[in-house]
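The values are calculated or read from the model by the stated rules, or taken from the named source; none is laboratory data. Please read all numbers here as calculations on a predicted model, not as lab measurements. Every residue, glycine as well, gets a Cβ built from its backbone with ideal geometry; the counts of neighbours run over all protein chains shown.
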Amino acid sequence: MAYDEYLADRLRQKINQLRISAQEKKMMGGLCFLVEDKMCFGIVKNDLMARIGPDDYEKALQKPGIRPMDFTKKPLKGYVFVSPLAIDQEEDLEYWIQKCLEFNPKAKSSKKKQ
């Protein structure tokens, strides 16, 4: 499954501009960006996957172009998919990156397999 390379480049540029230390990891058929060893945001097909946390979840779903992240056919609370039209403008992409970065310190790191 391919992911949007243009969006990946836009995310890399924002990461560099914000001087964020992030790792890229191919997973879930897309590309994820990990901050402090925690999944922060990524790309699945053409959508931005945003880990915003459960507190902002319901409010985020009210915005145009936002839907639950239902990658496994079961919505995962705290994660949303953001459509390409909803992040067409740079300030919109920055908004979602900031939401993810604000939640990241509160997020639990997945346990590493041994």
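The set of residues in the range 70-94 being hydroxyl-bearing (Ser, Thr, Tyr), surrounded by fewer than 16 Cβ atoms within 10 Å (Cβ to Cβ) and modelled with pLDDT of 95 or more consists of 83 alone.
Are there any pairs, at least 6 apart or on different chains, whose C-beta atoms fall under 6 Å, with the first in the range 1-28 and farther than 14 Å from residue 41 by Cβ and the second surrounded by 12 or more Cβ atoms within 10 Å (Cβ to Cβ), and if so, which? Short answer, once both residue conditions are applied: 1/29.
Taking the range 1-55, which residues are assigned to a helix (DSSP H, G or I), among the hydrophobic types (A, V, I, L, M, F, W, C) and buried (at least 18 other Cβ atoms within 10 Å of the Cβ)?
Taking the range 1-55 first, the residues assigned to a helix (DSSP H, G or I) are 5-18, 54-55.
Imposing the further condition that a residue be among the hydrophobic types (A, V, I, L, M, F, W, C) reduces the set to 7-8, 11, 15, 18.
Scanning the range 1-55 gives 7, 11, 15.
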